[in-house]
Amino acid sequence: MEPYKLFDAEYKFACLVWDHEPVNSTDLVKLSQTKLGWKKSTTYTVLRKLCERGILKNEEATVTAIIKKTDAQKYESRTVVDKAFNGSLPQFLTAFLGEKKLSEKEAEELKRIIEEAAR
Amino acid sequence: MTSLFLTILNMSITASYVALAVMIARFLLKRAPKIFSYILWSAVAVRLLIPVSFTSSFSLLGLVLPQSKAGTGFMEFVPQSMGMQKNPMVDAGISGISRFINSALPAAVPASSANPMQIVLWIASIIWITGIVVLLSYSVLSYVRVRARIRTATLVRDRLFETDRITTPFVCGFLKPRIYIPTGLSEQELSCVILHEETHIRRRDYWIKPLAFVILTVHWFNPLLWLSYALMSKDMEMSCDESVVREMGDRIKGSYSTTLLSLAVRRSGLATGSPLAFGEGNIKARIKNILAYRRPSPWMAAGSMLVSAALVLGCSANPKSLAHPPQLSSQPLYSGYDMEKLMKNKTLYVGNHIKVGGLIGGMPRPNGLEGRGIELQTKAQPYGVTVYYVANDGTAVLKDGASSGEAFYRNSILMLSLIDNVNWITYSITDPADPDDGSAYTFTLTREQAEKMLGEDVRSYGKDQTNLRQLIDRLERLNFKETGSAV
């Protein structure tokens, strides 16, 4: 399996780590319980699996992320563009925007991003 | 184990009749809200759950034994028992003790007896148990699999959890039921789905469906019950669909149907598998039902309520209500004995010739014999009855002296049990075709002999129909070879 491929639940769990790292594993259990509705054992199982895949790291009961959130997002978005739009970014943007109108600010920001990427 | 199997078989057959009745009623209620069809299935469940207090394996066994003795084939067994199983139903009053003794009886026999019927029954029971074990382990396994899959489902709110590892929403959990939904549902879809699943929870369907499946597991050999389970699940889903439409109004129909359809499309071969999960199934029929659903008129609702209530009560509560009349008409005889007539003509005094005549009329008359009246000896002790027969069809019916004698002795013992103060019974048969013209065969049985044969006062069997049946069964098995004196 590709290392960055995350199931919905794994992604949500990783988000908790990204938002709170470095985080004590006991605190992470509590967080998962309130945010995800998970039992302690579920949290530890998922944590172990993500550590084995080199996405998270659990050292002396402190959990940190090895892969950055942006990396995971990059992978996810590329998968979507590849799978559904034949890797064509313009096609993806067209579909994504659809009927939606962009605000002035959003359009500015997009323009800046595209210019930076083209440079 | 065999007797347990027979009990289950009995219940299964009874339930099949009820299931058929439900299916017919369901057809009549096609236009009515599906909740009524759903309720109807409770009658079948009750039939399958109410244990031996209503059905006793006793009578079935009693009827199986003589039948296999007579050398009838195996194939006749099931239809025969179908007829027979109605008998124990009439007698709701069969005591638990007599049931226990009688169900214990056959267990002792298989080792010593070469009776093929019992071996067949024994093998059938083994197959039955094996089937249950296989089915149960399969469903436990698939339940464990589903549980593993939804372990990492994440909380959305309250008892709503989402996960990308399932494709169709369902309710799971026995004590704290939770709704599990696939990820990526739109708000519109979500509201329909939640309403549907909440209805399941409100109705305790998450208990009913597993319970129904466990019952089905025990009766796995009955295809009619598999059909019933499928139809019940369908009714369950449809009535939940209807409740969504009722709550959200007719405008929801279109988007609700779309939701169902899109969920069905998502489900690409990856079946949830577990019979305990909800959702899925019959999407086409369900959409049709949703679109056709109309709020029932009060008239319709009242009518449907009446039909379902009548059927559920009639089929489940009291076996005497619905089960009684057809049984009387279809099965008045027990092994050829007219039980009603025998009990009606039970008498304390042999001098009552009308009752004695009635008793003889209630017993099977051997083929080729014609009654020639009875003679009562009531002047002095010991009192007795002589029953006269004449062979009427020329063929020497008495050639097989031993077996005809058996029938007469059997009847004699029955008369001794039902006529309190009689001391002996004689059957006298003349055969005009016999070379020694005018000679008579007589079979006499005294109360003393009868008590010796059965080891107890036969009058105790005359108490009621149940006991009398036991006597008939015992007599069928009794060996008369060395008894009596054919003259």
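Read-outs: derived from the displayed coordinates by stated rules, not from any lab. Nothing here was measured: the structure is a model prediction, and the numbers come from that model. Every residue, glycine as well, gets a Cβ built from its backbone with ideal geometry; the counts of neighbours run over all protein chains shown.
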Could you tell me the calculated FRET efficiency between B:M300 and B:R246, based on Cβ-Cβ distance and R0 = 25 angstrom, to the nearest 0.05? 0.95
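So how many Å³ per residue does the convex hull of the Cα atoms of region A:20-119 work out to?
For region A:20-119, the hull spanned by Cα atoms encloses 173 Å³ per residue.
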In Å, the C-alpha Rg and Dmax of region B:139-201 are 11.3, 34
Diffing region B:24-29: the Karplus 3J(HN,Hα) column from phi (6.51, -1.76, 1.60, θ = phi - 60°), in whole Hz with x for Gly and Pro, holds 5, 4, 4, 5, 5, 8
Explain nothing, just the number: relative contact order of region B:153-211, from Cα pairs under 8 Å at least 6 residues apart, as a whole percent. 29
Dimensionless Rg/Rh of region B:192-231 - Kirkwood Rh, Rg from C-alpha atoms: 1.12
Under a 5 Å amide H to amide H cut-off, with H placed in plane at 1.01 Å, what residues pair with A:N24 once short-range neighbours are removed? A:V63
Mean separation of Cα contacts under 8 Å (6+ apart) over length of region B:1-48, as relative contact order %: 50
Within 10 Å of the Cβ of an average residue in B:148-154, the count of other chain Cβ atoms is 5
Shielding of B:443-449 by partner chains, average beta-carbon count, 10 Å: 0
